[in-house]
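Below is a structure I'd like to ask you about.
Taken together, the values in this text are just the output of simple stated rules run on the coordinates, not laboratory data. Just so you know, these numbers come straight off a predicted model, no measurement behind them. Positions of Cβ are backbone-derived with ideal geometry, glycine not excepted, and every protein chain shown enters the neighbour counts.
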Amino acid sequence: MSRSIGHAALARQIGADKISAMPQFYDALPADYLAPGESMTVSVDEFPVAIANVNGEFFAFQNMCPHQATSLGGRPVKDCIITCSQHSSQYDVTTGKCVKPAEGDGFNQDLRTFEVEVVDDVIRVKI
Ligand code: FES
């Protein structure tokens with residue numbers, strides 16, 4: 001099931017006690033820090049966000065698995081799919097879509113995604 005959430009819900013979901021009212025781009029990390037097939041958790045305006053490199057294109061999404069809040073950043077990305085280490089949920093990092101529910105209870109909430117731009121070889125994330 002897919003649903004969108006507002007900034008306040010996102011702030012609760014990612015464990016932040018504040019979030020900017022007006023989303024804007026923030027520098028996240030140099031583009032050459034993340035090779036194709038890799039992902040990493042970064043702090044964007046103090047919020048943990050995962051960024052993945054899919055064939056040289058960058059995608060940002062909520063770091064915490066929506067099932068039971070396991071960190072997704074740092075996991076390998078194969079053919080735009082990242083797999084949670086806990087119950088094997090799989091997500092398409094280009095869309096946030098849950099493509100394989102969690103083992104056990106079938107939980108299948110999509111990931112929140114964030115707009116990305118690359119300026120002067122720096123990955124920037126809008127949050
Ligand atoms: S915590 Fe990610 S699938 Fe359960």
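Taking loop as defined by DSSP and a crowding limit of 16 other beta carbons within 10 Å, which trypsin sites (Lys or Arg not before Pro) in region 69-127 fit? Mind showing how you got there, number by number?
Working: sites: K78, K97, R112, R124, K126; in loops: K97, R112.
Answer by residue number: K97.
Just flag the chymotrypsin sites (Phe, Trp or Tyr not before Pro) in region 78-120 sitting in loop per DSSP whose Cβ has no more than 15 other Cβ atoms within 10 Å.
Values: sites: Y91, F107, F114; in loops: F107.
Taking region 78-120 and a limit of 15 other Cβ atoms within 10 Å, no loop chymotrypsin sites (Phe, Trp or Tyr not before Pro) are found.
Let me check against my output: what whole-number percent is the relative contact order of region 7-126, with C-alpha pairs under 8 Å and at least 6 apart? Could the numbers behind the result be given before it?
Details: 259 pairs, mean separation 28.7, N = 120.
24 percent.
Starting from the amide H of F114, placed 1.01 Å from N in the peptide plane, find each other amide H under 5 Å away whose residue is 5 or more places distant or on another chain.
Here A60, F61 satisfy the definition.
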